[in-house]
Amino acid sequence: MLDANNRKTLYFMAGLPRSGSTLLSSLLNQNPRFYSGPSSPVTGLMMLLQDQIANDELYRAFPKPQQASEMVASVIQHYYSDVDQPVIFDKNRSWVNRLGFITGFFGIEPRVLIPVRDTAEILTSFIMMHRRNPYEVGGRINFLDEMLVKSNIPLTDDNRCQFLAGQNGILGQSYSGIQQALMEGRQRQMHFIEYNDLMTRPAETMKKIYEFLDEPYFEHDFDQITNIHRENDAEIYGFSDMHAVRKALGKTSADPRDILSPEILKACEGTEFWRNLGPMDTAGIVPNNGIMPTSNSGFFGSTDSADTKIIGG
């Protein structure tokens, strides 16, 4: 699957946090042709380099836009120079905010995997992860409580949920990014993968992924799953098991009704907008039809996509 210039085939993964992206990467890595690593800094590095070049007075005095574009585009090539597999999945939730980068710099039509999950289940997963970990892990406070402390917000589970789903939270930013991409007419470039489908119908779910990518199917082993690219969760995020993957598929998640307050459960209702998407029009635009709320009881506040910084990979 190398192109005429002997480059790798590039796909991307974004989606919502705690929705199975690490599990999906672990499954994809069973295919010897595929490489799906942990969340990468590629999109952020590309933006930094692009801004640095644009603001450099020496460059502005004698601009070379073609060479500058090639430099920015080369970031992903150099980042994966140690990878032998011909197909690479670059994972970063901010790709949905920068799908134009994929076409503009790589010259390809974006194909992005979007793991999603019930909002209440995502928040429950965060709260349960918080409860499994002490206040400090690896000598640092976890990134969630660190944000609350810096914002002078009391450390309660309700506040944690509100922050996660707000405009500066990892869930709120991811939610808004997906929403914006759909309203920009990007639906055909995105493939939504429901967490519960991956858990209960893994073979069917994986086959649909291969169909979306137009790749030959590989028979996966759903009882021998290993995360071969484990991140240093404790040191970086303050959660020791943020990207842990169980050996065999099996849903063991807590019931949100046993974990979240009635107020948070109420705020989560009806926020899974991707399940209500109708057919695209001829331009690929998804009609709004009132199914894409911008906020819900303080959840999912809008954010400037240019300033989005996704935490936690």
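The values are calculated or read from the model by the stated rules, or taken from the named source; none is laboratory data. Every value quoted in this text rests on a predicted model; they were computed, and no experiment measured them. Note: ideal-geometry Cβ built from the backbone for every residue, glycine included; neighbour counts use all protein chains shown.
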Subset of region 55-70 (residues that are over 15 Å from Phe101 (Cα atoms) and surrounded by 12 or more Cβ atoms within 10 Å (Cβ to Cβ)): Asp56, Tyr59, Pro63
Tabulated pairs, region 204-218, first under 17 Å from Arg188 (Cα atoms), second modelled with pLDDT of 95 or more and not aromatic (Phe, Trp, Tyr), C-beta under 7 angstrom, 6+ apart or interchain: Ile209/Leu113; Ile209/His191; Ile209/Ile193; Phe212/Arg111; Phe212/His191; Leu213/Arg111
Residue identified as touching a helix residue (DSSP H, G or I) at 6+ places or on another chain (Cβ under 8 Å) and touching a residue at least 12 places away in the same chain (Cβ under 8 Å) among Ser19, Ser26: Ser19
Some residue of region 157-164 being modelled with pLDDT under 95, surrounded by fewer than 16 Cβ atoms within 10 Å (Cβ to Cβ) and touching an Asp or Glu at 6+ places or on another chain (Cβ under 8 Å): no
Residue list for region 4-16, filter: surrounded by fewer than 24 Cβ atoms within 10 Å (Cβ to Cβ) and either β-branched (Val, Ile, Thr) or assigned to a loop (DSSP other than H, G, I, E, B) (or both): Ala4, Asn5, Asn6, Arg7, Lys8, Thr9
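For every residue, the table says whether it meets (1) more than 21 Å from Arg188 (Cβ to Cβ); (2) modelled with pLDDT of 95 or more; (3) of a type in the set (Val, Ile, Thr).
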site	(1), (2), (3)
Ala73	yes, yes, no
Tyr80	yes, yes, no
Val83	yes, yes, yes
Val87	no, yes, yes
Asn97	no, no, no
Gly100	no, no, no
Pro115	no, yes, no
Residues satisfying the stated conditions in region 10-24, i.e. within 14 Å of Ala248 (Cα to Cα) and at pLDDT 95 or above: Leu24
From Arg132, Arg140, Arg188, residue being basic (Lys, Arg) and either buried (at least 22 other Cβ atoms within 10 Å of the Cβ) or modelled with pLDDT of 95 or more (or both): Arg188
Thr103 vs. criteria buried (at least 21 other Cβ atoms within 10 Å of the Cβ) and among the hydroxyl-bearing types (Ser, Thr, Tyr): no
Residue within region 74-88 that is closer than 23 Å to Phe192 by Cα and either touching a Cys at 6+ places or on another chain (Cβ under 6 Å) or in contact (Cβ under 8 Å) with a residue 60 or more places away in the chain (or both) present: yes
Condition check for Ser36: touching a helix residue (DSSP H, G or I) at 6+ places or on another chain (Cβ under 7 Å), surrounded by fewer than 17 Cβ atoms within 10 Å (Cβ to Cβ) and modelled with pLDDT of 95 or more: no
The listed residue being loosely packed, with under 15 Cβ neighbours inside 10 Å, at pLDDT 90 or above and not charged (D, E, K, R), out of Pro216, Pro279: Pro216
Unique residue being under 22 Å from the mean Cα position of the chain (by Cα), at pLDDT below 75 and part of a helix (DSSP H, G or I) when the list is Ile236, Ile291, Ile228: Ile236
Of residues in region 71-99 being among the hydrophobic types (A, V, I, L, M, F, W, C) and in a helix (DSSP H, G or I), the one surrounded by the most Cβ atoms within 10 Å (Cβ to Cβ): Val96
Selection status of Gln50, loosely packed, with under 15 Cβ neighbours inside 10 Å and without any contact (Cβ under 8 Å) to a residue 40 or more places away in the chain: no
Lone unmet requirement of (1) surrounded by fewer than 20 Cβ atoms within 10 Å (Cβ to Cβ); (2) closer than 30 Å to Asn168 by Cβ for Asn31: (2)
